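Some notes on the structure that comes next.
The values are calculated or read from the model by the stated rules, or taken from the named source; none is laboratory data. Quick caveat: nothing in here was measured; it's all calculated off a predicted structure. We place every Cβ from the backbone using ideal geometry, glycine too, and count neighbours over all the protein chains shown.
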Amino acid sequence: MQKFLIVIEKANGNYSAYAPDLPGCIATGTTYEEAEKNMYEAVRMHVQGLTEDNLPIPRPEAFSEYLVFE
């Protein structure tokens with residue numbers, strides 16, 4: 001099992017997503033849920049393509065944390 005962090009951001013009228021550990025792996029959607037679903041498929045296809053091309057799958061190293069300020 002592999003775990004990749006994805007970042008979903010609100011853009012101009014839609015949402016965009018990317019995976020910091022998978023350069024070039026991006027997706028968009030008109031809603032947060034659609035962007036998340038599309039990104040799941042993008043990551044799956046990206047990793048599948050790397051595997052088919054006998055290229056190494058990057059080791060997941062990105063992480064996230066919320067900082068709370070008062």
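Has segment 1-15 got any residue that is in contact with a strand residue (DSSP E or B) (Cβ under 6 Å, 6 or more places away or on another chain), part of a helix (DSSP H, G or I), surrounded by 15 or more Cβ atoms within 10 Å (Cβ to Cβ) and at pLDDT 95 or above? No, that holds for no residue. Remark: pairs (first residue in segment 12-37, farther than 23 Å from PRO60 by Cβ; second residue among the hydroxyl-bearing types (Ser, Thr, Tyr) and in a loop (DSSP other than H, G, I, E, B); Cβ separation under 9 Å; 6+ apart in sequence or on different chains) = GLY13/THR30; ASN14/THR30; ASN14/THR31.
Entry remark, segment 17-70: residues being part of a loop (DSSP other than H, G, I, E, B), among the β-branched types (Val, Ile, Thr) and surrounded by 10 or more Cβ atoms within 10 Å (Cβ to Cβ) number 3 in total.
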